[in-house]
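Please read the structure below before turning to the comments.
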Amino acid sequence: AGFIAAAAGALVLRHLNTAATFTLFAIGYNRRIAISNLLDGACCVAAMAILIPWLGPIGAPCGSAAVLLFGVLPWNLRTVARELDAGIGSLIRPFAVLVRLALPAALACAATFWILPAVSGSVALIGALVAATTTLTAVYWASVSGLLRGTILGEKLGGLKQRMLLLTESDTTIRT
């Protein structure tokens, strides 16, 4: 159960980092994304090599999450915040729904293991994946349904969309 929870947490962090990376791509930071992904991969391998012998298999998602939390994600969010002229808090605030959904997802995972203790691990894994998928679907629904409307991120991304539609050759320079 601990491994699944750690893997789900690392997956959510990866999704947040992917959102920041796509925003950086839309702004034109292609070279920086390549550097960020290269450093992320190298640091993940190093963190996993250190944590797996110490913690066991759970060290893999914990190492990935640690690299994201203390390195790549703050770096990407800081750059997005600077470009959008916003604070990091205003970028993260729309994802606060994750906190509200974490308890139901955790309870669904726990119920899966409690109700089906004698069943093989694959059935319990399927139950945990259903809980995680439900949580992520709710998060995506919240972002698509317009909950970002009225937030600083929604306003800035609306302007970014207009800017992308009006791209000229002088705007296609790659920033580092």
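Since every read-out is calculated from the coordinates, none of them should be taken as a lab result. Source: prediction; values computed, not measured.
The table below gives the values:
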read-out: Cα-based radius of gyration of region 1-81 once divided by 2.2 N^0.38 Å, which approximates compact folds; value: 1.13
read-out: In order through region 5-18: 3J(HN,Hα) via Karplus (6.51 cos²θ - 1.76 cosθ + 1.60), integer Hz, x for Gly, Pro; value: 5, 5, 5, 5, x, 5, 5, 5, 5, 4, 5, 4, 5, 5
read-out: Theoretical gain in end-to-end length, Leu69 to Ile92 [0.36 nm per residue, Cα-Cα removed]; value: 7.0 nm
